[in-house]
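Please read the structure below before turning to the comments.
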Amino acid sequence: MNVTIIYPAGQFGSEITEIFELEVPHNPTDAHTEILETVFREMNHVDGSEDQLISFGCRSMSVGDYCEIEGIIYYCASLGWAKTDYSPEALLVG
């Protein structure tokens, strides 16, 4: 499953919105929450196995970042994920 990761401008002093595409292996029965947890794990420094994060050359995922899966935008909250009403286009214009 292809997931779009959006680090919005203004987060941690960033002046631009950063966008990354991550291919997440999944089973057809996986819920979006399971896929989002995989994305969070892949996009954080944990144990040195974060190949995607290293290849993107970006900071770790944090509260306030977004993921888009199948046209649905999720917000990285302080505890888990929250579905939003944002459109992907609205986030890209900053």
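Quick look at the numbers
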read-out	value
Single residue of Leu92, Leu79 found to be over 13 Å from the mean Cα position of the chain (by Cα) and at pLDDT 90 or above	Leu79
Strands (runs of 3 or more DSSP E) contained entirely in the stretch 3-91, each with at least 1 residues that are without any contact (Cβ under 8 Å) to a residue 40 or more places away in the chain and touching a strand residue (DSSP E or B) at 6+ places or on another chain (Cβ under 8 Å)	18-23, 72-76, 81-83
Scan of the stretch 20-51 for residues that are surrounded by 11 or more Cβ atoms within 10 Å (Cβ to Cβ), within 13 Å of Asn2 (Cα to Cα) and at pLDDT below 90, ordered by number	His26
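The values are calculated or read from the model by the stated rules, or taken from the named source; none is laboratory data. This structure is a prediction, so every number in the text was calculated from the model and none was measured. Counting neighbours? That spans all protein chains shown, and the Cβs are built from the backbone with ideal geometry, glycine included.
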